[in-house]
Amino acid sequence: MARPIRLQRLLTHLFIILFGFCMLYPVLWMISSSFKPESHIFSQPGLLPHETTLQNYVKGWHVVRDQTFATFFKNSFIISSLCVIANLATCSMAAYAFGRMNFRFRKLWFACMLTTIMLPAHVTLIPRYAIFHYLDWVNTILPLTVPKFLATDTFFIFLMVQFIRGLPKDLDESATI
């Protein structure tokens, strides 16, 4: 009885390994082809290149005439840093207001905010573009960063509200003291 179970496990593991290799082969081929000269990519289908070159990476680094990938990395770092800082600051303040403060129509405003999560982004794409075009923000980082400073990511606000509601109010009182 133990022998058929071992054989079954062995066959299962062999099948998983074979299936995993079949899934990884295109990625391995792409990586190995990046080290081949352009003329050998399709003429030598094997994984190991006969002739190795780094020229593809040099050409790929200079994608656009005047710019390199360093510019793209710098822009991505600046935009993502500004978005993280803005979301952290504004969404946490909005979440604290919804989670701890009592103000008129708080539940109504929270419900309105939550309904925007259900609104597909495609619906607001053209009106947002029209606004950004009117403000001359097209082709700048402003449309990507300024809305984050206005607490527009309702999902983050919702998550933080749930977290703040879970904290005991004694912490607020001790911080006040």
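The values are calculated or read from the model by the stated rules, or taken from the named source; none is laboratory data. Worth saying up front: this structure is predicted, and the values here are computed from it rather than measured. Don't worry about glycine lacking a Cβ; one is built from the backbone with ideal geometry, like all the others, and counts go over all protein chains shown. Accessible surface is based on the protein model in full, side chains and every heavy atom, while ligands, DNA and RNA are left aside. Shrake-Rupley method; radii C 1.70, N 1.55, O 1.52, S 1.80 Å.
Is the stretch 153-176 home to any residue that is closer than 26 Å to Ser76 by Cβ, without any contact (Cβ under 8 Å) to a residue 40 or more places away in the chain and more than 21 Å from the chain's Cα centre (by Cα)? No, because not a single residue in the stretch 153-176 is closer than 26 Å to Ser76 by Cβ, without any contact (Cβ under 8 Å) to a residue 40 or more places away in the chain and more than 21 Å from the chain's Cα centre (by Cα). Would the stretch 118-130 turn up any residue that is part of a helix (DSSP H, G or I) and touching a residue at least 60 places away in the same chain (Cβ under 8 Å)? Taking every residue of the stretch 118-130 in turn, none turns out to be part of a helix (DSSP H, G or I) and touching a residue at least 60 places away in the same chain (Cβ under 8 Å).
Selection over the stretch 113-144 of residues that are closer than 28 Å to Phe72 by Cα and among the aliphatic types (A, V, I, L, M) gives a count of 10. A search for C-beta distances below 9 Å between a residue of the stretch 131-142 that is touching a residue at least 12 places away in the same chain (Cβ under 8 Å) and any residue that is of a type in the set (S, T, N, Q) and open to solvent by less than 90 Å² (accessible area, probe 1.4 Å), counting only pairs 6+ apart in sequence or on different chains, returns Ile141/Asn75. When residues in the stretch 120-177 are screened for being hydroxyl-bearing (Ser, Thr, Tyr), within 28 Å of Thr71 (Cα to Cα) and open to solvent by 100 Å² or more (accessible area, probe 1.4 Å), 2 of them pass.
Do we find a residue being assigned to a helix (DSSP H, G or I) and small (Gly, Ala, Ser) anywhere in the stretch 45-58? Quick ask: steps written out before the conclusion?
So in the stretch 45-58, the residues assigned to a helix (DSSP H, G or I) come out as 55-58.
Keeping just the survivors that are small (Gly, Ala, Ser) gives none.
Within the stretch 45-58 (the criterion being assigned to a helix (DSSP H, G or I) and small (Gly, Ala, Ser)), the answer is no, since none of the residues qualifies.
Of all the numbered requirements in (1) under 30 Å from Ala70 (Cβ atoms); (2) part of a helix (DSSP H, G or I); (3) modelled with pLDDT of 90 or more, Phe35 misses one, and that requirement is (2).
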